[in-house]
1. Kindly check whether there is at least one residue in the stretch 153-164 that is surrounded by fewer than 20 Cβ atoms within 10 Å (Cβ to Cβ), under 18 Å from residue 293 (Cα atoms) and in contact with a helix residue (DSSP H, G or I) (Cβ under 7 Å, 6 or more places away or on another chain).
2. What are the residues in the stretch 42-55 that are touching a helix residue (DSSP H, G or I) at 6+ places or on another chain (Cβ under 6 Å) and crowded, with 20+ Cβ neighbours inside 10 Å, if any?
3. How many of the residues in the stretch 249-264 are more than 11 Å from ligand 2 (Cβ to nearest atom) and touching a residue at least 60 places away in the same chain (Cβ under 8 Å)?
4. In the stretch 238-252, how many residues are more than 14 Å from the chain's Cα centre (by Cα) and either surrounded by 22 or more Cβ atoms within 10 Å (Cβ to Cβ) or within 13 Å of ligand 1 (Cβ to nearest atom) (or both)?
5. Provide a single number: the residues in the stretch 302-311 that are in a helix (DSSP H, G or I) and surrounded by 16 or more Cβ atoms within 10 Å (Cβ to Cβ).
6. Going by what's in this entry, would residue 215 be described as touching a strand residue (DSSP E or B) at 6+ places or on another chain (Cβ under 9 Å), away from ligand 1 (no atom under 15 Å from the Cβ) and closer than 25 Å to residue 308 by Cβ?
7. Of all residues in the stretch 179-200, how many are more than 16 Å from ligand 2 (Cβ to nearest atom), out of contact with any helix residue (DSSP H, G or I) (no Cβ under 9 Å at 6 or more places or on another chain) and part of a strand (DSSP E or B)?
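The values are calculated or read from the model by the stated rules, or taken from the named source; none is laboratory data. Fair warning: this is a prediction, and the values are worked out from it, not measured in the lab. With ideal geometry, Cβ positions are generated from the backbone for all residues, glycine too; neighbour counts draw on all protein chains shown.
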Ligand code: OGA
Ligand code: NI
């Protein structure tokens, strides 16, 4: 906890441990390229499905607008997320250490701070969300409205997540409820905070990675930072007011047997504005077996990998210092 970037960033230049090798530093981006934006409020459901499918195949990432989550709820949620990260380090420590089983905690950089070669310019608050009755008692109750607002916010995001999963399942030719029981029931909120950085050209908020989940619904603030890697170049994800960024994770790539793509992405920092984002992850339950959907495996489309439990996958993902670890590497030697 004493390492949180927000606790020391104001009075120091960029420490050496945050300076990345040349090839990993953010560089110039191609102009005029954007990721798809899908209007979930449109009438033609077949068209929505088609757009989601294409974006999932090509980018593994897209934005959604008119998703049904009220803008005042989004503003209130972003408000409490920012207030939380503005608390003193001591308060943050108290507010995130109530559960001995660690369903709510804070960390900085990656989960491998002690062993990683380089650090990243990010503090994170992570907590489980479902079932709410089990976990809400361990959430921060500073700022005072945190629990009330975030309970409503995460319930709304769950609806958006399952609606998108339904479209994806249909697009893949699977039963529309393929993801609706075990595969998305373990929901986790990660509230990222990237303070202003003394030298954004030398470091990253998060290095290139794929998320270890089925899908993620991200609320970016109005501050730029997220970039996705496509066809060997980085594309910036433009902040759109009240939109969510949907990212497909490694597990979706596996379940779809490679038909859809888990997006590789990273976060850049900037020198004058703090950036706060909230990732709402739909994960499988820990004991759930992950495998390519049987309907998508045949003689010409052999299974990408064997089946494994989500729990075993997470152990491997974390141990691999997953940031920067290639997809193939993550899968090789995955426990049977
Ligand atoms: C993540 C992530 C993007 C962002 O939390 O895995 O990629 O913009 N976040 O904060
Ligand atoms: Ni990510």
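1. Yes, that holds for at least one residue.
2. Correct list: 52 only.
3. Of the residues in the stretch 249-264, 9 are more than 11 Å from ligand 2 (Cβ to nearest atom) and touching a residue at least 60 places away in the same chain (Cβ under 8 Å).
4. 3
5. Keep residues of the stretch 302-311 that are in a helix (DSSP H, G or I), which gives 310-311.
Filter once more, keeping what is surrounded by 16 or more Cβ atoms within 10 Å (Cβ to Cβ): 310.
Looking only at that region, the number is 1.
6. No.
7. 0
Listed here are the residues, each with its yes/no results for (1) under 24 Å from residue 14 (Cα atoms); (2) within 13 Å of the chain's Cα centre (by Cα); (3) more than 11 Å from ligand 2 (Cβ to nearest atom); (4) at pLDDT 95 or above.
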{"position": "209", "(1), (2), (3), (4)": "yes, yes, no, no"}
{"position": "212", "(1), (2), (3), (4)": "no, yes, no, no"}
{"position": "228", "(1), (2), (3), (4)": "no, yes, no, yes"}
{"position": "232", "(1), (2), (3), (4)": "no, no, yes, no"}
